[in-house]
Structure formats: C-alpha cells, structure tokens
Amino acid sequence: MLKQEDYKQHISEQFNSELEAIKNHLLEMGGKVEQQLGAAVEALIAGDSGAAEEIINRDHEVNEMEMKIDDECANILARRQPAASDLRLVVTVIKVNTDIERIGDEAAKVARQAVKLSEESVSPSNHVEVRHIGSHVASMLRKALDAFARLDVDLAVEVVKDDINVDREYGSAMRSLVTFMMEDPRDIGAILNEMWALRSLERIGDHASNIAEHVVYLVRGMDVRHQELESFVEQVEQSS
C-alpha cells in the first residue's frame with residue numbers, strides 16, 4: 001500500500017521536488033476550481049450576472065494550469081522514466097488534471113446559465129435543487145481532493161458512494177422541474193436554463209467520483225473504473 005513517505009525516498013532530491021511540485025500544482029488548481037464552482041452556484045441563486053461573467057472570463061486560467069501540469073508530467077516521464085509508485089503518481093496526476101479542468105468547464109457552464117437566468121423572471125423552484133445539489137457536489141470535490149492529498153482510500157470510497165446519491169437527487173430534481181413547466185408554460189425558459197445548470201452539477205459529481213477512483217489506483221494500484229458500486233467497494237476492501 002502506498003504511503004506519503006514513499007515519495008520521500010529517492011536518491012535525487014530534485015526528483016523529490018519535481019514530484020511534490022506536480023502534486024501541489026494539481027491541488028492548487030483543484031482549489032481554484034472549487035472556488036469557481038461555489039461562486040457559480042451562488043451567482044445563479046443570487047441572479048448575479050456580473051459575478052457569473054467574471055467566472056466565465058477566468059475559465060482560461062484553469063486551462064492554462066492544466067497545460068502547465070501536463071507539460072510538467074511529460075518532462076518527468078521523458079527525463080526521469082519513473083517506475084512503480086512514481087509512475088502511478090504521474091499517471092494519476094495526468095488523469096486527475098483532466099477531470100479538474102472539466103469541472104472548471106462545467107462550473108463555467110453553470111455561470112452561463114446564471115447569466116441567462118438573471119434575464120428571466122423569478123424561477124418558481126426558487127433554485128432549491130441547484131442549491132442542494134450544488135452543495136453536495138462541492139462537498140464531493142473537496143473530499144476527492146483531500147483523498148488525493150492524503151492518499152486516503154476510505155475517503156475516496158465515500159466520494160464514489162456519494163455520486164450514487166447525487167444521481168438520485170438529480171433525477172428527482174428533473175421530475176420536480178418538469179412539474180413546474182407543466183403547471184405554467186411561461187416558466188419553461190427559466191426552468192430549462194436551471195435544468196442545464198443541474199446537468200452540469202451532476203457531471204461535476206461524476207468527475208469528482210473519477211478523481212476518487214484515480215486515488216484508489218494511485219494507492220492500491222487497482223483500476224476500479226466502470227464497476228458497479230458493490231463490486232468497487234468489495235475489491236477495495238479485499239485489497240486493504
């Protein structure tokens with residue numbers, strides 16, 4: 001089983017520094033995206049188009065961070081030719097990097113819906129579903145990043161379990177919003193925008209779950225993607 005101290009045993013201090021740097025840069029990027037997600041949800045709820053536009057305009061910053069981390073990983077692979085746990089770390093960083101960037105994209109999509117909703121009449125749902133699911137997926141993202149930082153498989157498993165609950169909440173929210181549209185067709189435009197925002201939030205939950213699965217790969221060397229939850233949990237428990 002991989003532990004934090006395993007990354008501190010290299011002959012080359014420079015190699016240690018490079019591995020720590022890519023981890024820290026990834027967590028910095030994750031923190032930035034986490035802030036953007038929270039701000040996008042708040043902008044939608046508050047009808048704050050100015051705050052939403054700012055989030056959209058700053059999405060390029062996350063893209064630039066993603067490219068920088070990819071370059072760092074490519075340089076390590078080319079120059080250091082890492083093996084075993086070091087190789088798993090670099091591969092995991094590359095995969096998590098992609099998921100974090102996509103979460104940033106989805107946060108920007110929520111912000112775009114916030115701009116559109118600010119031009120509509122007040123939503124009959126009062127954004128209850130956005131508030132609830134937004135809070136849930138933000139918690140998932142935070143835990144997934146913590147699991148990566150601490151190499152915590154138990155916390156990663158919690159995130160994967162949470163994603164099942166988010167999927168259920170998303171389905172329930174969609175049914176509720178359809179009911180609002182049926183009751184008053186004048187609300188269709190606003191409700192559709194809210195549905196698109198919720199779709200982005202649900203996708204963020206999926207990406208947070210992906211990050212958690214990558215943590216399991218990093219720590220245990222197991223590829224647990226595309227498995228049913230029970231099989232996933234059983235395999236993780238058997239490897240502990």
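The values are calculated or read from the model by the stated rules, or taken from the named source; none is laboratory data. Keep in mind it's a predicted model, so treat the numbers as computed, not measured. A quick note on method: Cβ atoms are made from the backbone with ideal geometry, for glycine too, and the neighbour counts reach across all protein chains shown. The area values use the complete protein model at the heavy-atom level, side chains included, leaving out ligands, DNA and RNA. Shrake-Rupley method; radii C 1.70, N 1.55, O 1.52, S 1.80 Å.
Some points to look at:
- Accessible area ranking (1.4 Å probe, heavy atoms, ligands and nucleic acids excluded), largest first, for GLU64, GLU53, GLU129: GLU64, GLU53, GLU129.
- Length added when fully stretched, SER172-LYS68, from 0.36 nm per residue minus Cα-Cα: 33.5 nm
- Among (i) 19.5; (ii) 14.1; (iii) 12.9, the entry derived from the coordinates for mean projected area of the Cα convex hull in nm²: (iii)
- Residue-level accessible surface for THR98, protein heavy atoms, 1.4 Å, Å²: 40
- Under 13 Å from the Cα of LYS109 - aspartates and glutamates, other chains or at least 8 residues apart: GLU53, GLU54, ASP59, GLU101, GLU194, GLU202
- Using alpha-carbon coordinates, inclination of helix 128-150 to the longest axis of the chain, degrees: 10
- The GNM of the chain, with springs linking C-alpha atoms under 10 angstrom apart, assigns the highest mean-square fluctuation among ALA83, ALA108, ALA212 to ALA83.
- With kT/(6 pi eta Rh) evaluated at 20 °C and eta = 1.002 mPa s, and Rh the Kirkwood radius from Cα pairs, the stretch 15-120 diffuses with a coefficient of 146 µm²/s according to Stokes-Einstein.
- In degrees, nearest ten, helix 188-220 long axis to first principal axis of the chain (Cα): 10
- Most mobile listed residue (ALA51, ALA197, ALA114) in the chain, GNM with C-alpha springs under 10 Å: ALA51
- Heavy-atom accessible surface of the chain: percent carbon and sulfur, 1.4 Å: 48
- Positive dipole terminus of the chain, leading residue within VAL41, VAL157, GLN81 (C-beta point charges): GLN81
- Radius, Kirkwood style, for the stretch 82-173 when every pair of distinct Cα atoms is counted (Å): 15.4
- Multiplying the residue separation of ALA84 and SER12 by 0.36 nm and removing their Cα-Cα distance gives an extension gain of 24.3 nm.
- Contour excess over end-to-end distance, with Cα ends at LEU27 and GLU119 and 0.36 nm allotted per residue: 29.6 nm
- For the chain, the solvent-accessible area of protein heavy atoms averages 48 Å² per residue (probe radius 1.4 Å; ligands and nucleic acids excluded).
- Computed about its Cα centre, the charge dipole of the chain is approximately 260 debye, with only Lys, Arg, Asp and Glu carrying charge at their Cβ.
- With a simple spin-label model that places each label point 7 Å from the Cα along the Cα-to-Cβ direction, the separation between MET222 and ASN126 comes to 4.4 nm.
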